[in-house]
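Colleague: Below is one structure. I have some questions about it.
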Amino acid sequence: MTFFAFAASLLNSTYAMRDYLDQQLASHARDAAHNLGLAISASDANDLVLVHTLASSLFDSGYYQQIRFINNEQQELLNLQHQQQADVPLWFANRFALNAPLMQSEIGDGWINLGQLTVQSHTGLAQQALWQQTKSNALSALLLFLLAALSIHFILRALLKPLYHIAEQAKAVTRKEFRQNEHRTNTRELRTVMSALNVMVRNIGQVFNEQNQQAELLLQEAYLDPLTAVPNRRAMQQRLAALRDDARQAHNDLYVAMITLNSLSQVNTELGFNSGDDYVKQAAQLLQQLHPQLETYRVSGSEFILLGTLTKQQATDADLQLQQLLQNHDSARYDNGFASAVSLLVAPDEAFDKMMARLDSLQTQDTLFMLNSWHIDAKTTEVAAIGREQWQALLQRLLSSGQTSKHIQLLLLPVVDNNGQLLYAEALLRFVVDQQQLSTLEVLAMAQKLGLADELERQMLQFSLDNLRQLQGGAVALNISSAVLQSSVLSNWLLQQLDQQADQLPALLVEIAESSLLQLPEQCARLITELKKRNISVVIERFGANLTSLRHIQNLDIDYVKLDASFSAAPDLDNNRFVISTLTQICHSVGIKVLTTHLESKNFINKLKLLNIDGFQGFAVNEITNFTLLSKKEDASKNKIPYTLTQLLNPNGDTYDAS
């Protein structure tokens, strides 16, 4: 605007100068015509030599374009003209042309009219003067413009810099960063806004921290053993229910070990309860360090449970480690030994009471440790027999060029909102070889052991992206494993693929497990930042599985959290209502939507709606859709068209029965 103002001012001054010069040219020509006419009239007008002399003395000054004398008989007696043009640019002369009118004067001898004298001023000098004045004005205007622009820059900078800090503070709040704006400004209004925003952000942060503290205290009281700080029996039952659903989908078995402190009563009696407490805490610490994939629970005064999803080889290794651990801590201090243990591989469908009964039965037998006392579902026996060389051959077969897509299936499981509308579909992968489903955990574990994990992850992601290009009309979530987060090469490759295929893919979300967030916070933060730059929403799944702290969602720009299935899949949902409500309030206070998963009962959905849950997932909403098998059928029928998610996942309409 400043530039246009100065440009308009320069243009107006040039036009005003041109009009002034036009007036001066006319006035100058009129005066010259009258004066020369009087001089000729006072002399002998018939003396052409004298007339020419008088006219030439005036014309040679260079200020006149034309001097012409015509007698009464219209004979031209004198015609002096200048042909020289002004030294100015042609565009300027055309744009700001000067108008020099013809001024006339009568020549007479007394009362006798002898002829007519015509004088016209020369525009060249005036045009050159106008050009010089315009250049001078332009230079002055430019200097004033630069000075004004510089002044405006500093003024706006002084005004906008506080606004920039205010905007950055507001953006930080969306990333759950409740930081104070320490910058100051001299503008009273901005100072008031900054102060009010600081108070608001401080209050939001205080509420968030207080809610976090309340939730952490609630979780600890409800799910942690006060002596050892490990999860209690209630937490174990809920976690078992969630692990069963995961194991059922991934075709895995569950590893369960019961450890009994046989000498606890003797220690309490002989050495006192403080020594007994130390004995229990020592056992808890040792068991927590046994295996990274096993969770430790204290289910009674002298009993611990180890629970997790392991491959059969990992279960064997865990048994050996547990046996060695307990033997190393046996001493004369413990009359009945440090501890005894039994273990099982439990099928996902086995009831909790039956599982505990089998553990109790094994525990009462006369051996201190029953190695490999497993009861394995018949359908997994053949897979369990695969050896290292067979696994290596199988993985090479999976990873061989052009073969990956033949052994992986893409499954879609929808997530719907309170109104039954599709939020997104979660993409899951299943391994199938020779029409036999493989345990996902077994495949990934052996790939890791054989050094093929990164390549397998790349192939899985590539397979997912290739298939997602056929989907439209909705959003799809990709699961990002810890292997992708740990490898900068893999994560950068994924981001590159997302950039290259952005126009071909549906709207995307990314699901990251809470455990990955705790173990790899920097890598997660970096990936989330890059994903948000690409307008990809982020979901933290299994939220709340970490029962000690919820602060890890702070300072992260995430859109959804998916509550750990142990809260909603447990039989005693009513006992978790307050916990779920508290977690929901914490997330809603910072703009995060809350989802629940593994829902197998519509009654559970109705109860969760009352707790302000934003989305639902599970067989109560819709069954898993095997997109790979469906697309192969369509390909066989020569009907290759993009699939609409709402029609694909719910052929009867766009509304799901989530009530």
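Colleague: For the residue pair residue 48 and residue 202, what label-to-label distance in nm results when each label sits 7 Å from Cα along the Cα-to-beta-carbon direction?
Modeller: If labels sit at residue 48 and residue 202, their model points lie 10.4 nm apart.
Colleague: Evaluate the relative contact order of segment 163-310 (contact order divided by residue number), counting alpha-carbon pairs under 8 angstrom at least 6 apart; express in whole percent.
Modeller: Details: 148 pairs, mean separation 30.8, N = 148.
That works out to 21 percent.
Colleague: Note down the relative contact order for the chain as a percent, whole number, built from C-alpha pairs under 8 angstrom at least six residues apart. Show your work: numbers first, answer last.
Modeller: Working: 990 pairs, mean separation 75.7, N = 659.
For the chain, the relative contact order is 11 percent.
Colleague: Tell me the accessible surface of residue 352 in square angstrom (1.4 angstrom probe, heavy atoms of protein chains only), to the nearest ten.
Modeller: 30
Colleague: Rg and Dmax in Å for segment 198-265, alpha carbons only: what are they?
Modeller: Reported Rg and Dmax, both Å: 18.6, 58.
Colleague: Can I ask one more? So, in nm, how far is label residue 186 from label residue 139 when the simple model puts each one 7 Å beyond its Cα toward the Cβ?
Modeller: It works out to 3.5 nm between the two label points.
Colleague: Let me ask you something else. Work out the length of the dipole vector of segment 414-538 about its Cα centre, built from +1 on the beta-carbon of each Lys and Arg and -1 on the beta-carbon of each Asp and Glu, and round it to the nearest 20 debye.
Modeller: The calculation lands at about 180 debye.
Colleague: For n ≥ 4 DSSP H runs only, could you compute -39500 (n - 2.57) per run for the chain, divide by its residues and tell me the 222 nm figure to the nearest 500? Walk me through the numbers before you get to the answer.
Modeller: Working: 24 runs with 341 residues, N = 659.
Result for the chain, helices only: -16500 deg cm²/dmol.
Colleague: Here's a follow-up. If you take the Cα atoms of segment 144-231, find Rg, then find the Kirkwood Rh from the mean of 1/r over all pairs, what is Rg/Rh?
Modeller: Working: Rg = 21.6 Å, Rh = 16.2 Å.
Ratio of gyration radius to Kirkwood radius: 1.33.
Colleague: Further question on the same structure: Between [x] 51.7; [y] 44.7; [z] 34.0, which entry matches mean projected area of the Cα convex hull in nm² as derived from the coordinates of this structure?
Modeller: Here the calculated entry is [x].
Colleague: Between 0 and 90 degrees, rounded to the nearest ten: what's the tilt of helix 488-500 against the longest Cα principal axis of the chain?
Modeller: 50
Colleague: Here is a follow-up. Measure nothing but the geometry: give the 0 to 90° angle between the long axis through the Cα atoms of 312-328 and the longest principal axis through the Cα atoms of the chain, rounded to 10°.
Modeller: In the chain, helix 312-328 runs at an angle near 60 degrees to the longest axis.
Colleague: How high is the relative contact order of segment 520-626, in percent, with contacts defined as C-alpha pairs under 8 Å that are six or more residues apart?
Modeller: Details: 131 pairs, mean separation 22.8, N = 107.
Once divided by the residue count of segment 520-626, the mean separation gives 21 percent.
Colleague: Let me ask something additional. In nm, what is the difference between 0.36 nm times the number of residues separating residue 227 and residue 400 and their Cα-Cα distance? Could the numbers behind the result be given before it?
Modeller: Values: separation 173, 0.36 × 173 = 62.28 nm, distance 5.23 nm.
Result: 57.1 nm gained on full extension.
Colleague: Please give the helix 123-174 orientation as an angle from the longest Cα principal axis of the chain, in degrees from 0 to 90, rounded to the nearest 10.
Modeller: 20
Colleague: What pairs from 281/562; 176/593; 532/593; 562/609; 406/562; 171/532 go past 24 Å between their alpha carbons? Could the numbers behind the result be given before it?
Modeller: Working: 281/562 32 Å; 176/593 13 Å; 532/593 16 Å; 562/609 15 Å; 406/562 31 Å; 171/532 13 Å.
Those over the limit are 281/562; 406/562.
Colleague: Assuming 0.36 nm per residue, please report the length gained on full extension of the stretch residue 333 to residue 132 beyond their Cα-Cα distance.
Modeller: Working: separation 201, 0.36 × 201 = 72.36 nm, distance 11.01 nm.
61.4 nm is the gain from fully extending residue 333 to residue 132.
Colleague: Another question, then. Suppose every K and R has +1 on its Cβ and every D and E has -1 on its Cβ; what is the size of the dipole of segment 186-283 about the Cα centre, in Debye to the nearest 20?
Modeller: Dipole magnitude for segment 186-283 comes out near 440 debye.
Colleague: With every protein chain kept in place and ligands, DNA and RNA left out, what is the accessible area per residue of the chain? Probe 1.4 Å, answer in Å².
Modeller: Values: 32420 Å² over 659 residues.
Heavy-atom accessible area per residue stands at 49 Å².
Colleague: Obtain the nm distance between the two label points defined at residue 361 and residue 300 by a simple spin-label model: each point lies 7 Å from its Cα along the Cα-to-C-beta direction.
Modeller: Simple spin-label model gives 1.7 nm for this pair.
Colleague: Still on this structure, please answer the following. For residue 281 and residue 152, what is the calculated FRET efficiency with R₀ set at 51 Å and r taken between the beta-carbons, to the nearest 0.05?
Modeller: 0.15
The values are calculated or read from the model by the stated rules, or taken from the named source; none is laboratory data. Not measured: the values here are computed from a predicted model. When we count neighbours, we look across all protein chains shown, and the Cβ atoms used for this are built from the backbone with ideal geometry, even at glycine. With ligands, DNA and RNA removed, areas are computed over all heavy atoms of the protein, side chains included. Shrake-Rupley method; radii C 1.70, N 1.55, O 1.52, S 1.80 Å.
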